[in-house]
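Below: one structure, written as structure tokens.
The values are calculated or read from the model by the stated rules, or taken from the named source; none is laboratory data. None of these values were measured; they are calculated from a predicted model. We place every Cβ from the backbone using ideal geometry, glycine too, and count neighbours over all the protein chains shown.
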Amino acid sequence: MSSPVYLIVDRETMVMHEGSHGQLPASFFELVRFSAKPVLAEFWAEWCDPCRLVSPAIERLAREYAGQLLTVKVNVDKKPLVAQAYEVQGIPTIMLFWKGEPRMRLTGAYPYEAIKQNLRENWPRDAATHGGKDHTASLSDDA
């Protein structure tokens, strides 16, 4: 199993974590528009207690769907224009993007199972063809 791709959008750059390889896009907007994989974004802040409750669930999803899903953390205090562009008014906000379009939005401290269920329900059908693997199968209840 490959290491999960987990990006943290911080200050003016995006920092790649956990052993991922590859070229980073110039902006978050390019990332969600041109990613070959769906992008799960967690909008958060360091001072946000509910964000601390949600982060382990997002990290778990990043591990479980490594190679199928790109997971990104966006600090709203350091990237307010990104948060404003997607009308993030409360945190944590979790969004799923495909080809630049938001497909899912959850605001609040949702548990892992609820986030996973929303991810399954909003998984883009045409994402299944990327990399020649049917990714929707791994989003079933037993995944």
Item checked: Yes/no for Ala62 being under 15 Å from the mean Cα position of the chain (by Cα) and in contact (Cβ under 8 Å) with a residue 40 or more places away in the chain -> yes
Checklist line | Residue among Ser55, Ser35 that is more than 23 Å from Arg125 (Cα to Cα), in contact with a strand residue (DSSP E or B) (Cβ under 9 Å, 6 or more places away or on another chain), surrounded by 15 or more Cβ atoms within 10 Å (Cβ to Cβ) and of a type in the set (Ser, Thr, Tyr) | finding: Ser55
Check: Mind checking which residues of the range 58-73 are aliphatic (A, V, I, L, M), buried (at least 20 other Cβ atoms within 10 Å of the Cβ) and in a loop (DSSP other than H, G, I, E, B)?
Finding: Leu69
Next item on the list: Output the residue which, of all residues in the range 12-29 that are over 14 Å from the mean Cα position of the chain (by Cα) and either under 17 Å from Val82 (Cα atoms) or of a type in the set (A, V, I, L, M, F, W, C) (or both), is modelled with the highest pLDDT.
Entry: Ser27
Item checked: All positions within the range 97-124 that are in a helix (DSSP H, G or I) and out of contact with any Leu (no Cβ under 7 Å at 6 or more places or on another chain) -> Tyr112, Glu113, Ala114, Gln117, Glu121
